[in-house]
Amino acid sequence: MVLFPYTRIFLPSYSPPRFSFLALSLALTATLSFSQIAAVQEVETHAKGTPDSGTPRSVNIAETHVLLDYDAASPDASPAPLQLSASGGARQEKTTPALARTDIARVNKITTKNWWLILTLPGTYPVEGTTLAFDYYVPESSALRSFTTNEKQPSIATRAIRKGRWVSEEIAFADMVGGDLWRLRDVRDIKNPTLTFSATRSGGIEIEIARITITRRATMPLPIPRVIRPARPDAQPVFAKEIEIANTDKNAWCQIMADGDFTLTINDREAGRGGYNHIDMERWPQGNRFLPLAREIPVGEYLVPGKNIIRVSVSSPHTAPELVFALGWQDNNERHVVISDATWATIPSPALDAATSTPCEDLGSLPSSDSRRFKSPVDIYPLLIPRPWDTRSYLSAPLDAFPQMEHTADVLRPRIIPGTWNIKKVGQRWSIIDPTGAPFFLLTTQTDYVHPRWAYRYSRHIYNTYKTEADWTAHDVDAIKRLGFNSLSVSFHEEHYKHAKTLGMSSFRFLGASGLASPKLRNKDGKTARMPDPFDPSWRSSFSEKLENQAAKWKDDSIIGVFVDNELSLDGALHNASVVGYVYSDAAGKQFVGWLRERYRTIDDLNRAWFGAAPDKKAARLSSFDDILVKKPAPVREKSKGLNHTQKSPTADTPAMDRDFYDFAMLVVQEYANYVLKEVRRIMPGKLVATNRFMGGATVEVLAAWKDYDIIGWNAYPMDRWDSGEYTQTQIDRMKLAWQVTGKPMIISEFGSQGLDSESSPSPTGKLATQKRRGEEYGKVLDQILRECPFVVGFALFSWMDSTEGERSNWGMVNPEGQPYRDYLDGIVHQHRKLNDMLPPLLATE
């Protein structure tokens, strides 16, 4: 983002508890670009630090702290109009409100002809329990459209501006960050939070601000348990800690995980037993998709006023077993937590005797890179909220909360039919053809990906709400069918497909051909691509073996076909994706050298083509073709300039080295695509085979490598325009190019939009103000596809639930508590009813 010189405005001083002034910064920029978060966030490893004295960490949950308080009506806030620190074309004044409100006497009115306004709130604020609130008024005629928190920070969140009335806006700092994993990360504070107000480029900004406050009311302390183990390998694996409490709490709790089986005793009474992971795998056969879960033990009856001795004995095959521990209680409004740290000891006897105890080794906060067992995040306090302190309601949404419709058009009715599926043109459109010869339009949704790094809060919701995994998946599939979807797309839980089959719903599965641990393509720096090295025999054999195993599980008439992969970094895709330069894995490197030998007569010919005769290129010249694998030359890689930056095909002016690397990359893509297709056809005959689900674009050469597949998979999100869910003409043209190059129809394998009224998701790239607008734009996109893309044979909505932790976005049809976004779903059902009338005439034959 390129910033021009800006105007900075300072409010005169006032006297809140922490700050002496409020700074407003007005900035102009050439482009308004929100970076899409495309990858799932990783929990950061905490650096080891010196542990404190081990005393309980405490907070008072009844106290509200005012961290910042600005009121335009206060004489202390602004005795004079706001001062500009530099010229810049913005004007502000202290005045009476344009729209009267009984509790607002004065406002700060800010106007600018520019379209970007940044308000900065100086200071560092804790995330937990903190809320930003401000009162604003924007006239209906204003071009202002949205505000974004904390631009360029991990806590960016977007909300829509509401016009024509006074608005009291509140947003929790935790909702700016999104999800719950921040409690195990370094994002515990937000420094110098900002509000960025954005208007359309043709208009300026006019806004009245009456009050701004930042308050904090903590709900629980947030110490992170530290991984501890005996400092001496020969020490007894009995961990001990003495704590002192003033008053007992019948709801006191303890959460424990150990590197082996453990027994907890408090004051010489056994309180509970457990081990490493307490996911009930009988209830949840695929419970390994959750984080390993701590055992929570009620301990109120074991604690006494005064001193308490806590012991955890661990039985482990390891000589130095590891432990993570948290214990909490409440005394009136004070909440206290004790965690595992270096103040614990290992002891040879029940007594906590300083003369015989051995200090513990502190391996750092969770997750710990020095740990054997706890290198990755686990589900324990403060991520896992203890039951006595958890205020969430774990209730299943009743099915009648989801609008219902039934398809009347044959082309849209769900079906499971044994036999071979095909594609062909019928009437004005291409269509999937079922084994009876009838056309079928795939109307599907991607269901649930409950990995905690993607949707932790939803994963906790379903585990606590439903008795079994089968109960959960049955509820969701029943709701999906009520909405008018006739099939399922990608799910990582087999139970979804099992229940869908009982409802007569078919499925289009995801294969994930690149998701094996076998060798990946590598560039000169050793960085790997997601695509495997297709020349490597170990990848070929492991892929064929995986496919054989999958086919044995998928001998199912309900499966229409498979997508072989998802969003490989192929040239022409979004974010400047490319596999060019990834030629230095072992097998691909040998192929590259042999390929260059055939393309160039001698190494001198290659040197002239790549480096010319310039003296400064002498060191780069190659002594032989094999020297390529030693010096590892590569063309300069252009950095991504944003979402719509895509690699283009070479031209006549492209340098020879760049052309050679590109041409070989296309050979690699062709090799990969051909081998995968050959094996799928051999092992899964009769199924439709769809390509890699392209990430919004591909070059002609990349597309040509997949032309023998049955269907093109195409992920496309209309995120380029404010308040619009329709595709741009550029996006439509990219789809048409794929059809023209391959001659094959397309499934829109991912489509979605975000509403800015979802409090649970920051939605930094969102462009639609409400859930109702999401429903309306869903209809417009389907209309657009039917009108402009006769080659589209299916449409997959992404997705069933929000991604609170991964992409931090409101993609879902249900929120993290499993409750439906009813306005959105009403729009979906309305459009599905329309399809019953729109599709049949387009597929009519004479």
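The values are calculated or read from the model by the stated rules, or taken from the named source; none is laboratory data. Everything numeric here is computed off the predicted structure, so don't read it as measured data. Every residue, glycine as well, gets a Cβ built from its backbone with ideal geometry; the counts of neighbours run over all protein chains shown. Side chains are part of the model used for accessible areas, which takes the heavy atoms of the whole protein and leaves out ligands, DNA and RNA. Shrake-Rupley method; radii C 1.70, N 1.55, O 1.52, S 1.80 Å.
Assorted remarks:
- Selection over segment 104-119 of residues that are under 26 Å from residue 75 (Cβ atoms) and surrounded by fewer than 19 Cβ atoms within 10 Å (Cβ to Cβ) gives a count of 3.
- Pairs where the first residue, in segment 168-194, is over 14 Å from residue 764 (Cα atoms) and the second is open to solvent by less than 10 Å² (accessible area, probe 1.4 Å) and among the small types (Gly, Ala, Ser), C-beta under 6 Å, 6+ apart: 190/155
- Spans of strands (runs of 3 or more DSSP E) in segment 280-345 with at least 1 residues farther than 16 Å from residue 245 by Cβ: 295-298, 306-315, 323-331
- Scan of segment 246-261 for residues that are open to solvent by 60 Å² or more (accessible area, probe 1.4 Å) and not polar (S, T, N, Q), ordered by number: 246, 250, 261
- Residue check for residue 492: more than 28 Å from residue 778 (Cα to Cα), open to solvent by 30 Å² or more (accessible area, probe 1.4 Å) and not in a strand (DSSP E or B): no
- Restricting attention to segment 458-480, the residues being surrounded by fewer than 21 Cβ atoms within 10 Å (Cβ to Cβ) and either under 24 Å from residue 792 (Cβ atoms) or touching a residue at least 12 places away in the same chain (Cβ under 8 Å) (or both) number 10.
- Segment 673-709, subset over 28 Å from the mean Cα position of the chain (by Cα) and hydroxyl-bearing (Ser, Thr, Tyr), residue least open to solvent (accessible area, probe 1.4 Å): 709
- Taking first residues from segment 636-663 that are open to solvent by 30 Å² or more (accessible area, probe 1.4 Å) and partners that are outside any helix (DSSP H, G or I) and at pLDDT 85 or above, the Cβ contacts under 7 Å between residues at least 6 apart in sequence or on separate chains come to 637/581; 647/578; 647/699; 648/699; 649/699; 658/635; 658/650; 659/650.
- Tally of residues being open to solvent by 20 Å² or more (accessible area, probe 1.4 Å), closer than 21 Å to residue 782 by Cα and either β-branched (Val, Ile, Thr) or touching a Ser or Thr at 6+ places or on another chain (Cβ under 7 Å) (or both) across segment 425-445: 2
Residues checked against (1) on the phi > 0 side of the Ramachandran plot; (2) in contact with a Leu (Cβ under 9 Å, 6 or more places away or on another chain); (3) open to solvent by less than 60 Å² (accessible area, probe 1.4 Å); (4) modelled with pLDDT of 95 or more:
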position: 202; (1), (2), (3), (4): no, no, no, no
position: 207; (1), (2), (3), (4): no, yes, yes, no
position: 212; (1), (2), (3), (4): no, yes, yes, no
position: 235; (1), (2), (3), (4): no, no, yes, no
position: 244; (1), (2), (3), (4): no, no, no, no
position: 263; (1), (2), (3), (4): no, no, yes, yes
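- The strands (runs of 3 or more DSSP E) falling completely within segment 703-800 include none with 1 or more residues that are farther than 18 Å from residue 489 by Cα.
- Condition check for residue 513: in the same structural domain as residue 444 (by the TED database), open to solvent by 30 Å² or more (accessible area, probe 1.4 Å) and among the aliphatic types (A, V, I, L, M): no
- Listed by first and then second residue, the pairs with beta-carbon distance under 6 Å, at least 6 apart or on different chains, first residue in segment 379-407 and in contact (Cβ under 8 Å) with a residue 24 or more places away in the chain, second open to solvent by less than 60 Å² (accessible area, probe 1.4 Å) and of a type in the set (Ser, Thr, Tyr), are 394/465; 396/465.
- Verdict on residue 612 being more than 30 Å from residue 504 (Cα to Cα) and free of Cβ contacts under 8 Å to residues at least 12 places away in the same chain: yes
- Residues being among the aliphatic types (A, V, I, L, M) and assigned to a strand (DSSP E or B) - total across segment 366-423: 1
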